[in-house]
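Right, one structure below, let's go through it.
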Amino acid sequence: MTILVNDDASASDVPVRRIRFTINGERKIAEVEPRLLLSHLIRRGLGLTGTHMGCDTTNCGACTVLVDGTAVKSCTMLAVQADGHEISTVEGLATASELHPLQEGFKDEHGLQCGFCTPGMMMAAKALLDANPDPTEEDVRWALSGNLCRCTGYQNIVKSVLWAAAKLRAQG
Amino acid sequence: MYPSRFRYEAPRSLEEAIGLLHDGGDYAKVLAGGQSLVPLMKLRFASPELIVDINNLPGLDYHRADPDGTLRIGALCRHSDLERSALLRGTQPTMAAAAPLIADPIVRNRGTLVGSLCHADPQGDWASVVLALGGSVVARGPCGRRTIPMAGFVTGPFQNALAPDEIAVEAVIPAANGVRSGGYLKLERRVGDFATVGVAVALETSGANVSRAGIALTGVGGSTIGAAEAADALVGGPLTADRVERAADLAAAAAKPRTDHRGSAEYKRHIVRTFVVRILGKTEGAAEKAA
């Protein structure tokens, strides 16, 4: 798989680098142009369009994914830098038959309106809950402070994450 | 948005990285956390021809104290490492106050303190903190290692004293002469915004007397401002209300703010004054409690 920035450029004109990485548990090899962003590798290269691009300027957090378990704004990391690393996107949350408690929480607590920021919110929340299974409301607000939502006023997003935390704890 | 085309190298050793920079000359940039550089490249404010990604260099992600108390922060130590650091909470009040105020939590997972110093944004928080603490930057190049005091490291907006083939490998905060106190306050419109005003205060106290003081200002001039006169007003005696007022006035006078969408020059100057009093007031209170 070769992914260039301009599809119309001839592949032979553009130096590419081969990278190996894991995405949602699947191992991949790709050839990417160094200036390709991680967000574009995910969306265009792999067709995983759950990762949204909002501001493209490191502000909004809609493109948040996990790199080796750490939340990262994927519009602000080069795809070549994913070489040797594990990426998780929102598509990796649910299993074939079951939603992830975070997804259930957002559904149950009405944690979204337009839904654009939601994948980034859920991935930032995932990183929080992996590190801190029993967060306070303040912990949740802190963890999501790099993710912008223009619809909800955040109230129901915070409730959704706390709902998911309780469910995950109950599941043990 | 895409950066313009560049050659990408991810060396495995510092020597290799320096060699690449030496050959790349003025057209090369070092990529550490990338949280300032990548956005600048996407906006085409920076279009380097060669990117030397240092994220694979071993042994640069540390922050540790030498036996004498000197603090060393490696080039790959992330803001989030510093935010979580028990060492900072226990020994470096100014740094511990600033760490949670850098950008937002997700940016802090990637961005680095040393990278922030090199980026030399007048609105960068760490430059003020390191300047107030009398810190320095250690650079490695083809001719070896040199230490550049923070006061001379930033040479202008987005400009630093590094040669094109040098890499900043470490920031150094000297050991305190006495008990350290101080803080960092930042006024921002929302989390992740640049500072409207930031004030760093670093004090060292021996007995009741202030033995060393540093005050530096973020976002109120063309580059980070060291308010040396304001700091000097605190040294040589106890932290009295008179001295605090005098230092706050001098710090406000040292600020060179401009009226913009974040506030008027007058407002920003007022905030500088208020923050100096607020940080020192808290310090004074803490000292009284300790006594």
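Where a number appears in this text, it was derived from the coordinates with a stated rule and is not lab data. The shown structure was predicted, so the numbers you read here are calculated from the model rather than taken from an experiment. Here Cβ is always computed from backbone atoms with ideal geometry, including for glycine, and neighbour counts include all displayed protein chains.
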> Taking the Cα atoms only, what angle lies between the long axis of helix A:155-171 and the longest principal axis of chain A, rounded to 10 degrees?
Replying inline: 80 degrees
> Among bridges DSSP assigns within chain B, what percent are antiparallel (round to 5)?
Replying inline: 85 percent
>> So the label point goes 7 Å from the Cα of B:Arg146 along Cα→C-beta, right? Which residues of the range B:1-20 then have their backbone N under 18 Å from it?
In response: B:18-19
> Can you work out ³J(HN,Hα) from phi for every residue in the range B:239-245, in order, using Karplus 6.51 cos²θ - 1.76 cosθ + 1.60 and θ = phi - 60°, giving whole Hz and x for Gly and Pro?
Replying inline: 7, 8, 4, 4, 5, 4, 4
> Which shape class applies to the range B:155-291: rounded if a/c is under 1.5, otherwise prolate when a/b exceeds b/c and oblate if not, where a ≥ b ≥ c are the square roots of the Cα gyration tensor eigenvalues?
Replying inline: oblate
> Which shape class applies to the range B:68-120: rounded if a/c is under 1.5, otherwise prolate when a/b exceeds b/c and oblate if not, where a ≥ b ≥ c are the square roots of the Cα gyration tensor eigenvalues?
Replying inline: oblate
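How big is D, in µm² s⁻¹, for the protein assembly as shown by Stokes-Einstein at 20 °C and 1.002 mPa s if Rh is the Kirkwood radius over C-alpha pairs?
Approximately 92 µm²/s, per Stokes-Einstein.
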> Out of B:Arg146, B:Arg108, B:Arg212, any idea which swings most in a Gaussian network model of chain B, alpha carbons joined below 10 Å?
Replying inline: B:Arg146
>> Can you pull out the trypsin sites (Lys or Arg not before Pro) in the range A:130-172 whose DSSP state is coil and whose Cβ has at most 16 other Cβ atoms within 10 Å?
In response: A:Arg150
> What 222 nm value per residue comes from the helices of chain A, counting each DSSP H run with n ≥ 4 as -39,500 (n - 2.57) and dividing by all residues, nearest 500 deg cm²/dmol?
Replying inline: -8000 deg cm²/dmol
>> Under 10 Å, Cα contacts only: if you run a Gaussian network model on chain A, which one of A:Gly25, A:Gly115, A:Gly146 comes out with the highest mean-square fluctuation?
In response: A:Gly25
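Not counting the cut sites, what is the longest span of chain B without chymotrypsin sites (Phe, Trp or Tyr not before Pro) that DSSP labels loop and that have at most 15 other Cβ atoms within 10 Å?
Counting only loop sites that pass the neighbour cut-off, the longest clear stretch is B:63-291.
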> If you find the alpha carbon centre of the range B:8-41 and of the range B:59-102, how far apart are they in angstrom?
Replying inline: 24 Å
>> Looking at chain A only, what percent of DSSP beta bridges run antiparallel? Nearest 5 please.
In response: 80 percent
> Say each of B:Val235 and A:Lys167 gets a label point 7 Å from the Cα, pointing the same way as Cα to Cβ; how far apart are those two points in nm?
Replying inline: 6.0 nm
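Given R₀ = 30 Å, what would the calculated FRET efficiency be for A:Glu98 paired with A:Cys55, taking r from the Cβ atoms and rounding to 0.05?
E between A:Glu98 and A:Cys55, to the nearest 0.05, is 0.40.
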> Dipole size in debye (nearest 20) for the protein assembly as shown around its Cα centre, Lys and Arg Cβ +1, Asp and Glu Cβ -1?
Replying inline: 520 debye
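Can you give the relative contact order of chain A as a percent, counting alpha carbon pairs under 8 Å and 6+ residues apart?
Details: 318 pairs, mean separation 37.0, N = 172.
Once divided by the residue count of chain A, the mean separation gives 21 percent.
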>> Among B:Leu71, B:Gln123, B:Ala255, which residue has its Cα furthest toward the positive end of the charge dipole of the protein assembly as shown, with +1 on Lys/Arg Cβ and -1 on Asp/Glu Cβ?
In response: B:Ala255
>> For the pair B:Asn55/B:Leu43, report the inter-label distance in nm, with labels modelled 7 Å from Cα in the Cβ direction.
In response: 2.2 nm
> Taking a ≥ b ≥ c as the square roots of the eigenvalues of the Cα gyration tensor of the range B:180-226, is the shape rounded (a/c under 1.5), prolate (a/b larger than b/c) or oblate?
Replying inline: oblate
> How much net charge surrounds A:Met53 when only other residues with a Cβ under 14 Å from its Cβ are counted (Lys, Arg +1; Asp, Glu -1)?
Replying inline: +3
